[in-house]
Every structure is written in C-alpha cells, then in structure tokens.
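Asks: Structure provided below as structure tokens; questions to follow.
No lab work stands behind these numbers, since they all come straight from the coordinates. Remember, predicted model here, so these are calculated numbers, not experimental data. For neighbour counting, all protein chains shown are included, and Cβ atoms are generated from backbone atoms with ideal geometry for every residue, glycine included.
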Amino acid sequence: MIKPTLIVNGTLVNAGSSRREDLVLENGIISLKGNFDPLLFPEHEILDARGKLVFPGGVDPHVHLALPTPSGNSSDDFISGSKAAIAGGTTTFIDFVTPRRGQSLKEAYQMRNAEASVSPANYQLHMGISEWNPRVRAELVHCVEKKQIKSFKAYLAYRESIGISYAALKEVMEIVGQAGGLLMVHCEEGDMIHRLQRAFLMENKTRATFHALSRPSSTEVSAIEKVIACSARASCPAYIVHVSTRGGADAIAAAKKSGVKVFGETCPHYLLLDHSVYNENLENLKVLPFIVSPPLRSPDDQSRLWEGLSDGTFDVVATDHCPFNLYGQKDRGLDDFTKIPNGAGGIEHRLGLLYTYGVLRNKITINQFVNLVSTRPAEIFGMGHHKGKLEQGYDADVLIWDPEYQGNISVSNHVQHCDSEIYEGFQIQGRAETVILGGAIN
C-alpha cells in the first residue's frame, strides 16, 4: 500500500493560478488542498516544498517508443522511455498504434497495448491509419462507435509505408468528426518530398544535409492549409503535430480566429535548434542525430513558434520522442539520406528546456508553461477530468520542482537509451526534484 503524503510550504502552480498551499495525497488522488498543520497528519509522509514549485505531472501526447523501422526499433522501449519521462517530470504519455498494411486495427491495438503494459508511467494509445480501404473503413467505424479509441493519426508523408492520400484523409475526417473524435495529422506533402528526394539521389546528393533540403517549409505549410480546409468541411477537430514553420503557425492562428476547431503542437527541438546543424561543411556523421521530420528550420521560424506559445496559437508542447542510436541505426543512411531513421529523443528534457528557455527568459509565464505541458494536453485527449491540475479529486501525479537546480544535458548523464544527444551541452535551470506518480514517490 502506498503511504499517504502531505506536501507543505510549496507554491502550487496550475494553468490559471499560483498560490502557496498544501496538498494531501491519499489512495492515488489529491484528497485535500489548503493550509494544514502537519501534526494533524501523523500517518502521512511529510514533504517540505519550501522554496519549491509544485506542478501537476507532465502529459506528453506524442511519443514513439519501440517504433518498428527498417533500421530497427526506436532505441527507447516502454520501460527505458518511461524512466526517461519520469526523470524529466512527465508522468503520462500517449504513444501510437501503427498497424502494418494489411493488419487489422484490432490486432494492432492488442499487440501494442500488450507491449506498452510494462510501462511504469501512465500511458494511452492513439490509433494510426496506415492505409485506406473498405476493411479499414469498417474497422474505423467500429472503433469510434464503440468509443474504444478517442484519437487517431494520419500521415501525409511516408506514402510508401504508412502515409495516406488527401482523398482518404477526407473520408477519415468525416467518420471521426461524426463520432466526436479527434484526428492528429502529420502535415508534409509526401509526393513533393518524394520527387525532391529522387532528384537529389539522381544527382548523387546523398549526404544527410539533403534531408532538410528535400523537405522545404512549403511542404509543411501547404499540407497544414489543406488539412485545415478539410477539417472545416468535415467538422472534424484536427490536431496538427510538430509544427516547425512560421507559415504553419500563421495558418493555425488564422483557422482558430475563423472558428475552425484546430489544435497546434510544436516541440522543444523546433524552439531551440535551427537548420545550422545541417551545414554542408559539417562532418556527415555529426548531422545524423538531427535528422527529424519535419526538419529543423530557421531562427525566424523559431521566433514565430515562441510567439505562438504565448498568443494561443499552440495548445501543446510535446516531444515526438523517437530516438535512434547513431551507430547501428542512424549511420545506416550515411550514403543515402533517405535511409536515415527520422527521429530524436526529448521526453526527458521537455519540462527543463521549456522552463529554462521559456519561463526564465520571459517568453511564457509559469502558468502558460503548466498549461502547455500538462493541463491542455490532458484536456484535449480526454484526461482533463482527472489529470493536468492540482485539484481535489485529481490523480496524485505531482512534481516538486527545484527552481534553483543548475545542470547540463549530456549523453553522459541522460536517462534515455540512446548513444547521442541533440541537446548536448544545453544548460538547464530547474528540474523535477521529486516525482510522484499515482501517489507513489519515485
């Protein structure tokens, strides 16, 4: 049995308020909130949070643990990835079911759920739509009618493996929208990217830097604009994942202003890293860790993304956590950039990076920080009634945050299972000193 806990003397931070209060955690929930005398709680473990901030546990709705690829699974599985998440203050994540073409959605879900069940963190699963035909259509209808799955994902890139066409997207949105569901969309023009990739390879332009050149900003912006238009026609809420461009942010902001129900997500790597890492003068091996899709963009794009965190354009900062080892995985594409597995780690660093480079640099408020990393993702993905807030009756997923901590991110000290680190050398101020998951102190 988990011992009940009393957290005293901390500053409780929610999306809408910050105040000095105490929390009582019992039976996995926040049972009381107020100002209490510890002597009245003799059976409770007392945690003194004097000088500390207290946050609801982080919710990351976009991760890919043990993702199968031709280069092997992404290097964090559900155990190591969960440990990295918890170390960084994320207590809940949502991963994906990615059915193989020809595989039933039900079978894919059962297999993925069994794989994820070992996770020490809280988890949910989105359902991916990897192909479109009458069988998948019937299964999708069954999923949404039975309310087994609340959120789905479609890819407009990767047409050769899991991507679908705009015509298919329209049908998916009509079904999901009518059922009151939500569709996440990876917005890149897959056909345009494929043509650019083929052209570069024909010219023997195979280095990693051509990954970014084959995926220009226009491929994202065009896809986002089309998805928003489709969302409006189908009355289906669209969640645009990992937005990297100024144009994409502008399109989402305009859609929201016009009343389209669209949600925007960006990631720490788009806020803090830029396209200089793809410099053609760099050693090819050093570029490989930064091969993500969409690719890293310009400082001007970064500036707009930061604005979008404070002006309401973006609802969520997620990670798209999908690391691959440099040696044995990323380096398989040394002579052909199209063979580099796309993805990088970040679930461990999300809160620390956003706090350090967002809150402490006055780009976002502390309350916006909590909203972006916990409250809003919980609300969007059906957990808002029990996660993402420090309120009575909510799950006892709680962080005691030390604002004075200072450290550096390094491959030598990170928890994630990967032999490279895209944030190598980044200085961090503030960390989750104590992570409480379901009332249990980690």
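Asks: If you bin the C-alpha pair distances of the stretch 105-206 every 5 Å from 0, what whole percents do you get?
Replies: Going from the shortest bin to the longest, the percentages are 2, 11, 20, 20, 16, 12, 8, 6, 4, 1, 0.
Asks: Continuing with this model, one more query. Could you give the C-alpha radius of gyration of the stretch 315-394 expressed as a fraction of 2.2 N^0.38 Å, taking N as the number of residues it contains?
Replies: After normalising by residue count via 2.2 N^0.38 Å, the value is 1.47.
Asks: Under a Cβ-Cβ cut-off of 13 Å, what is the net charge of the residues other than R431 that fall near it, where Lys and Arg count +1 and Asp and Glu count -1?
Replies: With Lys, Arg at +1 and Asp, Glu at -1, the neighbours total -2.
Asks: Once label points are set 7 Å from the Cα along Cα→Cβ at both R100 and R137, what is their separation, rounded to one decimal in nm?
Replies: 2.6 nm
Asks: Continuing with this model, one more query. If you put +1 on each Lys and Arg Cβ and -1 on each Asp and Glu Cβ, how big is the dipole of the stretch 57-380 around its Cα centre, in Debye rounded to 20?
Replies: The calculated dipole for the stretch 57-380 is roughly 480 debye.
Asks: Consider just the alpha-carbon atoms of the stretch 1-79 and return their Rg together with their Dmax, both in angstrom.
Replies: For the stretch 1-79, the Cα-based Rg and Dmax read 18.2, 59 Å.
Asks: R0 = 60 Å: FRET efficiency of H385 with E280, Cβ-based, nearest 0.05?
Replies: After rounding to 0.05, the efficiency reads 0.75.
Asks: In which sequence would D76, D37 go, from the one with the fewest C-beta neighbours within 10 Å to the one with the most?
Replies: Ranking D76, D37 by Cβ neighbours within 10 Å, fewest first, gives D37, D76.
Asks: Right, another one. How long is the gain from E160 to K146 if the chain were fully straight, where each residue apart is worth 0.36 nm and the alpha carbon distance is subtracted?
Replies: Net length gain for the segment: 2.0 nm.
Asks: When every alpha-carbon pair in the chain is counted, what percent end up more than 40 Å apart?
Replies: Roughly 16 percent, once rounded to a whole number.
Asks: Can you tell which of M1, I29, V415 lies farthest toward the positive end of the dipole of the chain, using +1 and -1 charges on the Cβ of basic and acidic side chains (Lys, Arg; Asp, Glu)?
Replies: I29
Asks: Report the dimensions of the stretch 350-442 along its three principal axes from the alpha-carbon atoms, largest first, rounded to Å.
Replies: Extents along the principal axes, in whole Å: 39, 30, 25.
Asks: Antiparallel versus total DSSP beta bridges in the chain: what percent is that, nearest 5?
Replies: So the antiparallel bridges in the chain amount to around 45 percent.
Asks: Can you tell me the dipole magnitude for the stretch 3-54 around its Cα centre, using point charges on the Cβ only (Lys, Arg +1; Asp, Glu -1), in Debye to the nearest 20?
Replies: Dipole size: approximately 260 debye.
Asks: Under 17 Å Cα-Cα from K150, which lysines qualify once same-chain neighbours fewer than 8 residues away are excluded?
Replies: By straight Cα distance, K150 reaches K106, K261, K387.
Asks: Percent relative contact order of the chain, based on C-alpha pairs within less than 8 angstrom and at least six residues apart?
Replies: The value is 21 percent.
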